[in-house]
1. What is the Cα radius of gyration of the chain over 2.2 N^0.38 Å, N being its residue count?
2. Using a simple spin-label model with points 7 Å from Cα along the Cα→Cβ vector, what separation in nm is obtained for S241 and M1?
3. If r is the Cβ-Cβ distance from Q256 to Q199 and R0 is 35 Å, what FRET efficiency results, to the nearest 0.05?
4. Could you tell me the relative contact order of the chain? Use alpha-carbon pairs under 8 Å, at least six residues apart, and round to a whole percent.
5. Take the Cβ-Cβ distance between V70 and H211 as r, set R0 to 25 Å, and report the resulting FRET efficiency rounded to the nearest 0.05.
6. How large is ³J(HN,Hα) for each residue in region 63-71, as worked out from phi by the Karplus curve 6.51 cos²θ - 1.76 cosθ + 1.60 (θ = phi - 60°), to whole Hz, x for Gly and Pro?
7. Among N4, L18, I43, which residue has its Cα furthest toward the positive end of the charge dipole of region 2-57, with +1 on Lys/Arg Cβ and -1 on Asp/Glu Cβ?
8. What size of dipole, in debye to the nearest 20, comes out for region 148-290 about its Cα centre when the only charges are +1 on Lys and Arg C-beta atoms and -1 on Asp and Glu C-beta atoms?
Amino acid sequence: MVSNSELTEKIIKKAKSLGASIAGVASVESLKNSPSHMIYPKIGLNLNENFHDSKEGSHAQDVFWPESAVSVVVIGIEHNPKEPELDWWDGKGTPGNRILIKVNNALSDWIENTLLITTHKLPYFVEKGGIFLKDAAVHAGLGCIGKNNLVVTPEYGPRIRFRALLLDKEASPTVSTQFNPCEKCEQPCRKACPVKAFQHTLYSPDTLGQHILPGINGTYDRVRCNIKMEKDIDEAARTMSTDDESRQENRQLIMQFEKSHISKPNVEMSFSYCVKYCRKCELSCPVGSA
Ligand code: B12
Ligand code: SF4
Ligand code: SF4
């Protein structure tokens, strides 16, 4: 009989042998009350507003957790700046995310066939049944939330992407360290933001009823950040086009494709493009760069 801590050890070892840069385990119970999971129904999922209002479709549902799931395995793949293409969005996702999906699927097969434990593979988007991956990574002891609002890991800084798997059997959570590189840092991450997404305090413990907020202290502005993401889509359309008219057309095609991709991620694509989404708050962080 394998103990809970042996189970964690075996799973992490296997995840790394399959290609994960780092891996850890958290408990589902702890995540149900983690800051993002608590705040989500209050602020909604609409990236064009910082708080949800009463408009239809603006209010988020609670995150869905399968009843039988007790542990979360989180895997991370380094996104080294020397391989920027790992993060380029091509309409089917990014090459980095496809590696994550491959490793996650192989890990799931191995856990089910060798350890005889039922797993639940999680999609990326929360509105499609995913969970908040940064909170999961922090609870799995893989790093801490930095002042750039990203998970900063000792090994790779924030230059890492995550994916998760739920288990129907308990595995011991991996212990988090007291890692806090932001304490004495001059915050190049926040200064690097081209749309000043960390300039104002938008959320407070009074308005949201919790102390841990977006950007740690309520300063991360997802609307501003998302405006930059929209500009990155414009830029992708511009590089594909010869004139203004075809740029508008290409932008519309990208937006239409993005919409259908979110509702049907496996749809076959006959249109190809490349959006290089902003990473300035990530790439300017000195942690983990050798
Ligand atoms: C929607 C989304 C976006 C939206 C909205 C982002 C937002 N934060 O609201 C947009 C498009 C703007 C975006 C931008 C980016 N994203 Co994004 N995004 C997501 C997605 C799908 C959900 C995130 C979300 O809605 N969070 C909920 C909101 C409420 O959380 P929040 O504002 O971040 O604030 C919470 C945390 O900071 C947390 N927190 C703060 N302190 C502490 C302390 C502890 C102990 C804990 C546990 C938690 C905690 O609590 C806050 C709430 O109170 C996740 C994937 C996933 N399934 O999780 C990826 C994800 C967060 N994105 C990621 C990345 C890399 C980016 C970008 C760099 C763009 C890019 N090139 O990929 C930027 C970075 C922006 C930034 N500085 O935060 C990575 C982060 C990896 C990492 N190292 O942390 C993720 C995890 C995807 C992945 N595959 O790994 N993103
Ligand atoms: S640059 Fe990195 S270490 Fe410095 S404050 Fe930002 S996230 Fe923290
Ligand atoms: S991803 Fe870019 S726009 Fe968004 S917060 Fe980071 S630096 Fe600012």
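We did not get these values from a lab; they are worked out from the coordinates using the rules stated. Remember, predicted model here, so these are calculated numbers, not experimental data. Cβ: placed from backbone, ideal geometry, glycine included. Neighbour counts: every protein chain shown.
1. Details: Rg = 19.3 Å, N = 290, 2.2 N^0.38 = 19.0 Å.
In units of the 2.2 N^0.38 Å rule of thumb, it is 1.02.
2. For the pair S241/M1, the computed spacing is 6.5 nm.
3. Numbers: r = 33 Å, r/R0 = 0.95.
Calculated value: 0.60.
4. Numbers: 511 pairs, mean separation 66.5, N = 290.
In percent, rounded to a whole number, it is 23.
5. Numbers: r = 27 Å, r/R0 = 1.08.
According to the calculation, E is roughly 0.40.
6. Result, ordered by residue: 5, 8, 10, x, 4, 7, 7, 10, 10 Hz.
7. Value computed over the given set: L18.
8. Values: 20 positive and 18 negative charges, 56 e Å.
Result for region 148-290 is approximately 260 debye, rounded to the nearest 20.
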